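Notes to accompany the following structure.
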Amino acid sequence: MKYTLSMAKENWLQIEFEFQPTKVGRVKIGLPIWRPGRYQVQNFAKNIPEIKAFQGDKKILIQKVELSSWEIEVLEQAPIKLVYSYYAVQRDAGGSVANGQMLYINFINCLLCPKGFENQDCTVAIKFPKAWKFATSLTYKNPFFIASSYRELVDSPFLAAPQIHSFTWKNSGINFFLEGIGPATIFNEKLIASYQKIVAYQLAWMGASPIKKYHFLLWICPEPFYHGVEHTQSTMMVMGPEDRECYDDLIGLASHEFFHVWNIATIRPKPLLPYRYGEITYFETAWIVEGVTTYLGDWFLKASGVISEEEYLHLLLGNIKLHFDRDRFSAQSLTESSMDLWLDGYGPSTPGKRVSIYFKGAIVALGLDLMIQQKFNGARSLKDIMQRLNARFGNLKSGYVQSDFFSIAEEVYEAPLTDFWDLWVLGSGDLLEPLASILRLSGLALSESPTLGLQLSKIANT
Ligand SMILES: [Zn+2]
């Protein structure tokens, strides 16, 4: 499959797509309705006013058959060319932006794919001013960017701009890149040193890595912003405004997104393997994907020495408060809110209904981690669960379901955890007291003050 992209005019991508049909008859062509990382229908097709189809010089009929799919009647097995434009003004870590300052593309927004062609290799030609720099995890073989499949292509964001700050380093045979648009002062030695420590720690902690290269792509934008999206070989992060001190957010976000290399990109919930971009895909394990990653993302900052223990306790309390202050008495369990992610998982929801898979999920990960550490005097932890999950499911051949996670956790804990799952994951009861008692055994006091709200502190040794 061959794609050619250029900027036709401000805010518009001009796209040509050529492919060889494998049969005559009706061929269905689709655009993703969602993207991995945000489990909600986004209907990118709304940004395409029209599509023209050609075989040779001959214009052929293309018809809309669903919100995000079209059909062509193929009369002969000759290459088909589709020509269309895409309105690229979505300024977030999962969107696309085309203007005089930058060309920023998440191909999942805008590249069509014939049904059944998802594993075919792709070449992409992208036209931008010669003096501009570019950054992407895609392989570049002048003049094309190359992906081994449509799946890899739509998992690889692309940035081009007059100036891209670029840093590279190596760890465990993996080439790392930090590449970004924005004020040069943001891309300082302290940030790079922290990124190096975070990835070094996570690689050692997991013990095995599925990647050969990884790009931290960063856009420091003028508007207030905090958003990151995970990919297998990269992460796209958007942070703003330009004049704010965003170091703390940039290390926290990078640590979170990098752990997704394992926790979703390669250790995949079964319903998401493979990704079906044209369909809503429910999965009850969203709390494992985001909750464990939220908890560990912060914990890695402390463990790798990037932040102090005191700073870590402050972050941990922040996450704990985000659950208890907002969703403490919500009706749903974590599993139910995971299933409902597509309904109301992001943004505001009906009061008293949902729990956050991120923050309550992080509390479960914390509780589980501490319980295991306490039973085995620190010799075992959540690490053993994640390493075993990786060993059994990290090959993208079979996905896991919630009961797989439960049984691996019980194997590590060497005892049933039925009561824990019932209360913390499958139930909706208040977790303040159960969490406080687990924390207490690890030397931390979680208390509630009428004036200050929840407080977390170390219990002094007596
Ligand atoms: Zn995440």
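With respect to I307, determine if the residue is within 24 Å of the chain's Cα centre (by Cα) and either farther than 30 Å from Y195 by Cβ or in a helix (DSSP H, G or I) (or both). Against the criterion (within 24 Å of the chain's Cα centre (by Cα) and either farther than 30 Å from Y195 by Cβ or in a helix (DSSP H, G or I) (or both)), I307 does not qualify.
Residues of region 406-435 that are within 13 Å of S333 (Cβ to Cβ), aliphatic (A, V, I, L, M) and assigned to a loop (DSSP other than H, G, I, E, B): L426, L431. Screening K360, K375, K321, K353 for residues that are basic (K, R), in contact (Cβ under 8 Å) with a residue 12 or more places away in the chain, closer than 28 Å to D430 by Cβ and within 16 Å of the ligand (Cβ to nearest atom) leaves exactly one candidate, K360.
Comparison of N99, N106 shows that the only residue that is surrounded by fewer than 24 Cβ atoms within 10 Å (Cβ to Cβ) and in contact (Cβ under 8 Å) with a residue 60 or more places away in the chain is N99. Going residue by residue through region 310-317, is there one that turns out to be in the same structural domain as Y358 (by TED's automatic domain parsing), surrounded by fewer than 24 Cβ atoms within 10 Å (Cβ to Cβ), within 30 Å of L31 (Cβ to Cβ) and not basic (K, R)? No, region 310-317 contains no residue that is in the same structural domain as Y358 (by TED's automatic domain parsing), surrounded by fewer than 24 Cβ atoms within 10 Å (Cβ to Cβ), within 30 Å of L31 (Cβ to Cβ) and not basic (K, R).
Within region 86-124, the set of residues being part of a strand (DSSP E or B) and either within 17 Å of G278 (Cα to Cα) or among the aliphatic types (A, V, I, L, M) (or both) comprises V89, V97, A98, L103, I105, C113, P114, V124. For region 386-407, the count of residues that are β-branched (V, I, T), touching a strand residue (DSSP E or B) at 6+ places or on another chain (Cβ under 9 Å) and in the same structural domain as I267 (by TED's automatic domain parsing) is at least one. The single condition among (1) outside any helix (DSSP H, G or I); (2) touching a residue at least 60 places away in the same chain (Cβ under 8 Å); (3) of a type in the set (S, T, N, Q); (4) under 28 Å from L439 (Cα atoms) that T335 does not satisfy is (1). For region 46-79, the set of residues classified as in contact with a strand residue (DSSP E or B) (Cβ under 8 Å, 6 or more places away or on another chain) and assigned to a helix (DSSP H, G or I) consists of N47 only.
For region 297-308, state whether one or more residues are in contact with a Leu (Cβ under 8 Å, 6 or more places away or on another chain), charged (D, E, K, R) and buried (at least 19 other Cβ atoms within 10 Å of the Cβ). Yes, region 297-308 has at least one match.
The values are calculated or read from the model by the stated rules, or taken from the named source; none is laboratory data. In this text the structure is predicted, and so the values were computed from the model without any measurement. Please note: Cβ atoms are built from the backbone with ideal geometry, for glycine as well, and neighbour counts cover all protein chains shown.
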